[in-house]
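One structure below.
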Amino acid sequence: MLTSKLEVLVDFGENPDQQILEKTLNELKSQDGVVEAVFKNGALMVETSLPSTNILNLVSNTSGKRAVLQGFGETQSAVCMISNQICCPSKVMGVIRFQQTAEGPMVADGSIDGLASGLHGLHVHDVGDLSQGCESIGDHYNPRGSPHGGPEDPEDHRHAGDLGNIVADETGRATFRIVDNVLKVWDIIGRSVAVTEQRDDLGQGSSPTSKIDGDSGKPIACGIIARSAGIFQNPKRICACDGVVVWDERDRPLAGKGRRVEKSCCKKEESGERRGRGAPLGPRAPARPGAVRRARLASAPPRRRAAPARWV
Ligand SMILES: [Zn+2]
């Protein structure tokens, strides 16, 4: 059983209630797929082959306290925040963590919200260029020049970046833990990951694009893979661009109505939407300074000259 070590921060306060702590540890140890669970340096250290999201839910439900993942993996780790890179908040958002195991395989552990229920392709792409959103991340990462395939195929019958499909449930959430024998964490840092609108046929279909991208359609959300902290290496909160603090993060969906967005990097797009009087943002278009003001002048009587528009 290939396991990962998780550092789980639990909102116990100054002094953890020993009864609750014991109950939580015992519940963790009773799970198939949990090898070890101890309380160390103010956090739960869990060694497991289960998806981290399942462990967080179990800890929260047993202790009645909020729990967040503070560290993942002991050695080489990486993380990728997934979104559509155009709208903020993005409809599809998620986090994927990567861990290089000492045994050789790489683990991709993640949770993505806002998907249509069913199968969606997941791929590592060649470059971490988001200048055109998910359209500029290149093809599937393919250092051997192989045709598209599935994660179980040998190296010369798959792109290295072919991670197969993830499954979204009826709420639109996909929770997964993929063990891959081809990719290494040090090879993918700086590249990107994308989730596609359709299922990946793993190169087995009759469509002309089957051997290229598994006929999986366009990437609908993506992100750059960055080096990250392992267990006991990260004293900071997760930055999710909206100022949500570490404990609040656990209570909010990654996307959708429950996600608070204010005073952040999202503000540009919010104010742009207001000035556009509700016009859909759509794909990014080159800025046309003064375009909105000209449109107003064309439809309204002359009025006092307003101060120049500027981003706030
Ligand atoms: Zn591929």
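The values are calculated or read from the model by the stated rules, or taken from the named source; none is laboratory data. This is a predicted model, so every value here is computed, not measured. In this analysis, Cβ positions are derived from the backbone assuming ideal geometry, glycine residues included, and neighbour counts consider all displayed protein chains.
If I filter region 92-115 for residues that are within 16 Å of the ligand (Cβ to nearest atom) and in a strand (DSSP E or B), do I get at least one hit? Among the residues of region 92-115, at least one is within 16 Å of the ligand (Cβ to nearest atom) and in a strand (DSSP E or B), which makes the answer yes.
Checking every residue in region 147-157 against the condition of being away from the ligand (no atom under 11 Å from the Cβ) and assigned to a loop (DSSP other than H, G, I, E, B) gives at least one match. Output yes when any residue across region 118-128 is within 15 Å of the chain's Cα centre (by Cα) and more than 16 Å from the ligand (Cβ to nearest atom), and no when none is. Yes, there is a match, as at least one residue in region 118-128 is within 15 Å of the chain's Cα centre (by Cα) and more than 16 Å from the ligand (Cβ to nearest atom). For the criterion of being polar (S, T, N, Q), surrounded by fewer than 18 Cβ atoms within 10 Å (Cβ to Cβ) and modelled with pLDDT under 95, residue 111 fails. Take the conditions hydroxyl-bearing (Ser, Thr, Tyr) and surrounded by fewer than 18 Cβ atoms within 10 Å (Cβ to Cβ) and apply them to residue 192. Does it pass? Answer is no for this residue.
Apart from one condition, residue 171 fits all of (1) within 17 Å of the chain's Cα centre (by Cα); (2) within 16 Å of the ligand (Cβ to nearest atom); (3) over 17 Å from residue 81 (Cα atoms); the exception is (2). Among the residues of this structure, residue 65 counts as one that is assigned to a loop (DSSP other than H, G, I, E, B) and either modelled with pLDDT under 95 or charged (D, E, K, R) (or both).
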